[in-house]
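J.: What follows is a structure written as structure tokens; I'll ask about it next.
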Amino acid sequence: MAEVTTLVPLLVVVPLAVAVLLTATSHWLPAWVPDLAAILAAAAVTAMSVVLVVATRTHPIVYWFGGWRPVHGLPIGITFIVEPLGASLAALAALLTTASLVFSWRYFEEVGHLYHALVLAFLAGMVGFSLSGDLFNIFVWLELMSVAAYALCGYQVHQAAVIQGAVNFAIINSLGTFTMLMGLAMVYASTGQLNLSAIGHQLSANPPGSAVVVGFSFITVGFLTKAGAVPFHFWMSDAYAVASAPVGALFAGVMSDLAYHTFARVYWDGFAPGFGVHAAAVIRGVLLAVAVLTALLGAVMCALQADLKRQVAFLTISHGGIFFAGIALLTARGLAGSTLYLITDGLLKAALFLSLAIVIKGLGSSDELALHGRGRQRSQVLPMAVFITVGLGLATLPPFGTFLSSALIYDSPGYGWLPPILVLAAALTSATVLRSTARIYLGWGPAHDPLLTSRKPDEPEEGEPEESETGLGLRTRLWLLTPALGLVLVAYGVAFTPSVAHELVSAAAALQHPQATEQLVLHGQQSPPPVVGSYAPSASAWAYGGSAAGGSLLLAALGLWWRRLGRRVEGVALVLARGLKAVHDGSVGDYAVWFAAGTTVLAIAWTGLVR
Amino acid sequence: MSVFPYLVAGVLFIAGLYGVVSSRNYIHLAVCLTVMQSSTYVALITVGYLTNGQAPITKGAKPGKPLVDPVVQSLTLTDVVVSVAVLALVLSLALRAYRTHGTLDPDEMREMRG
């Protein structure tokens, strides 16, 4: 074990050190050196994370920085807790970063010398965020990843929409992180601890009072803002729609959804020990309400977009709601399913974002309606195949990766009404991908649709380098498609890793056992891993997966030809669509109002937690 | 321990949030964000404060007097660093907005709706 433990700090040290070196020297280096160095660093982090996932299958690793171990159960140092779920998310972040860097090597003509350093700092932030076992350090990693993300979002672009998107992103996210810090101060004032396990220990001895409950709701708001849960999601569609393709792939693929998983860790290690059965029921109810609202609103907004990148942004919001539903169930299967879903879905979304860049560069627009039928060329067969594969993957096509993940959530005991809602959200979002694919590559459906926002086709694109008339050469196109293809293959194939579901469920059960984590973190004592049965999707899960895949095809057809339903349907749909779109008005002030309202409602909903 | 500093923190937080909601200027927006973050400094420092305490410097400390909590002070320092980074980024975006579009008004920059 000793050798494996030394890998833990390297997960963040390697990207940060390479980032610093590149910042200092890249002015004088030939252009290919930063590209290669950054790709190697990201690939190294991927490999180390995968090694750690395998090594921690039975026993998590606790790493104390500087060797400051706890004295008599009192933590004085700061720690990384490496367990399979967190480590596999770190692996996802690193793999997507590698793919995105390979892609951007050919994608940008002139990228500037800070780009690679920012991407690597962003990666270090994401890795630290998913592994840190200390509340304040989670905040610091969150800020590192957020600040790098704001900079990447507004990197080297001058269009108004990009500045608007980046500012909205920075402001609303900062509101979230400050609120989280305020909550952290309240929790520290009541418990005197920042280490998650130590907070849990304190709260189980002294049941949480009103300050801890308000603090917990503020911390939750911070995570939900980063994750883009309704009503804290408004920044996300603006930011993702303007990010350049390699950056957007990282945002949509992993950044926001990580916050859901870290929230789960903070809840289980830090707060679950203090809350009783009644409080857990209140928390489950409130979180499920947020999750369902997020999944449905995101899906509907996704279906109403004409801009391909905004479709992905709302798809990310909606699927985030599905992951959050798995976490909110507070069961081991739910958490395991949500983690696997986050990974497989994240790979597909990143592949989708990268392939969109090829469409936008090759065909010259990011508007589904403007691109109507423009993809009917021999050279566009491969991108079309990628889109269809990704679309069906997002629709949880059995028996591949996303299906196995959603089946774990469906097979969690408890709420019978939940799976149909999640199926609907998955079907509607993937239907949007399939709809735009059919419209662009097959020319199906009309070229005008009043439900979708229609931009004038001759306006220039946002956040994309200007493209010359010649389009892309074959070699460049193949280079750009390769990372996306690789990600899709991994996403589809991960379900066939032997006993992956069983391993994840047992890791999730261990994570939901805070007393064992506390023994390990504060006293260095390993507990035996929890015993869970093997898992195979039930018959009803197969039915749900099949109906999501079938439903996505039906809804895609409905999305193309919905106007044949008649005038009355058209009128109602238009009124509803205008109302929903009016709320997403791009004004940062209005978003802040929604933020404040959401925070207040959440804090009030949780006053029932005070005993 | 007086409740007064917590009130100050609350007022700063709400005032900053109100500023963000009502702002019509990117620079004003950035400053409001900083005001809001200042509330977290006040809150953190207050959490660790002790009446009759002394600064948490063990070398040359007077015996018999308790030291105030040094953890929250280092948290505040980290927080200040974070806020400088965020402020610099938002200001640089404001600068770019002004250079390329000649305005600092978010509503005039607003292209994305729906």
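J.: Only one of (1) closer than 21 Å to B:Leu17 by Cβ; (2) at the interface with chain B (Cβ under 8 Å from one of its Cβ atoms) is not met by A:Thr220, so which one is it?
T.: Here A:Thr220 meets the rest and fails (2).
J.: Sticking with this structure for a sec: Return the total of residues in segment A:178-190 being of a type outside the set (A, V, I, L, M) and surrounded by fewer than 23 Cβ atoms within 10 Å (Cβ to Cβ).
T.: 1
J.: What pairs come up if the first residue lies in segment A:363-378 and is within 14 Å of A:Arg435 (Cα to Cα), the second is basic (Lys, Arg), and their beta carbons are under 6 Å apart, counting only those six or more places apart or on different chains?
T.: Pairs found: A:Asp367/A:Arg455; A:Glu368/A:Arg439; A:His372/A:Arg439.
J.: Continuing with this model, one more query. Filter segment A:551-591 for residues that are open to solvent by 70 Å² or more (accessible area, probe 1.4 Å) and under 30 Å from the mean Cα position of the chain (by Cα); which is nearest to the other protein chains (Cβ to nearest Cβ)?
T.: If we take residues in segment A:551-591 being open to solvent by 70 Å² or more (accessible area, probe 1.4 Å) and under 30 Å from the mean Cα position of the chain (by Cα), then A:Arg578 is nearest to the other protein chains (Cβ to nearest Cβ).
J.: Which of the residues spanning segment A:514-572 are of a type in the set (Phe, Trp, Tyr) and either in a helix (DSSP H, G or I) or within 15 Å of A:Val423 (Cα to Cα) (or both)?
T.: Across segment A:514-572, the qualifying residues are A:Trp542, A:Tyr544, A:Trp561, A:Trp562.
One line per residue, one yes/no per condition, for (1) touching a Lys or Arg at 6+ places or on another chain (Cβ under 9 Å); (2) more than 10 Å from every other protein chain (Cβ to nearest Cβ); (3) over 26 Å from B:Val72 (Cβ atoms):
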site: A:Gly112; (1), (2), (3): no, yes, yes
site: A:His116; (1), (2), (3): no, yes, yes
site: A:Leu120; (1), (2), (3): no, yes, yes
site: A:Gly125; (1), (2), (3): no, yes, no
site: A:Gly128; (1), (2), (3): no, yes, no
site: A:Ile138; (1), (2), (3): yes, yes, no
site: A:Leu142; (1), (2), (3): yes, no, no
site: A:Cys153; (1), (2), (3): no, no, yes
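J.: Taking only segment B:83-95 into account, find how many residues are free of Cβ contacts under 8 Å to residues at least 24 places away in the same chain and either buried (at least 18 other Cβ atoms within 10 Å of the Cβ) or more than 7 Å from chain A (Cβ to nearest Cβ) (or both).
T.: Here the count works out to 5.
J.: I'd like to verify a number: residues in segment A:179-203 that are more than 8 Å from chain B (Cβ to nearest Cβ), assigned to a helix (DSSP H, G or I), small (Gly, Ala, Ser) and out of contact with any Gly (no Cβ under 6 Å at 6 or more places or on another chain), how many?
T.: 3
J.: Being touching a residue at least 60 places away in the same chain (Cβ under 8 Å) and under 20 Å from A:Pro246 (Cβ atoms) is the filter; apply it to segment A:155-172 and report the residue that is nearest to the other protein chains (Cβ to nearest Cβ).
T.: A:Ala161
J.: Take the conditions aliphatic (A, V, I, L, M), outside any helix (DSSP H, G or I) and open to solvent by 50 Å² or more (accessible area, probe 1.4 Å) and apply them to B:Ile27. Does it pass?
T.: no
J.: Report, by residue number, each residue of segment B:14-24 that is surrounded by fewer than 18 Cβ atoms within 10 Å (Cβ to Cβ) and in contact (Cβ under 8 Å) with a residue 60 or more places away in the chain.
T.: Selection gives B:Arg24 alone.
J.: Just one of (1) free of Cβ contacts under 8 Å to residues at least 24 places away in the same chain; (2) open to solvent by 80 Å² or more (accessible area, probe 1.4 Å); (3) at the interface with chain A (Cβ under 9 Å from one of its Cβ atoms) trips up B:Pro63, so point out which.
T.: (3)
J.: How many residues are surrounded by 20 or more Cβ atoms within 10 Å (Cβ to Cβ) and under 16 Å from A:Gly86 (Cα atoms) when one looks only at segment A:513-523?
T.: Matching residues across segment A:513-523 total 3.
J.: List every residue pair whose Cβ atoms sit under 9 Å apart, with the two residues 6 or more apart in sequence or on different chains, where the first one lies in segment A:502-514 and is under 11 Å from A:Arg333 (Cα atoms) and touching a residue at least 40 places away in the same chain (Cβ under 8 Å) and the second, anywhere, is β-branched (Val, Ile, Thr) and surrounded by 24 or more Cβ atoms within 10 Å (Cβ to Cβ).
T.: A:Leu504/A:Thr339; A:Ala507/A:Thr339; A:Ala508/A:Thr339
J.: Let me ask another. Looking at A:Val33, A:Val12, which one is β-branched (Val, Ile, Thr) and surrounded by 15 or more Cβ atoms within 10 Å (Cβ to Cβ)?
T.: On inspection, the qualifying residue turns out to be A:Val12.
The values are calculated or read from the model by the stated rules, or taken from the named source; none is laboratory data. Just so you know, these numbers come straight off a predicted model, no measurement behind them. Every residue, glycine as well, gets a Cβ built from its backbone with ideal geometry; the counts of neighbours run over all protein chains shown. Accessible surface is based on the protein model in full, side chains and every heavy atom, while ligands, DNA and RNA are left aside. Shrake-Rupley method; radii C 1.70, N 1.55, O 1.52, S 1.80 Å.
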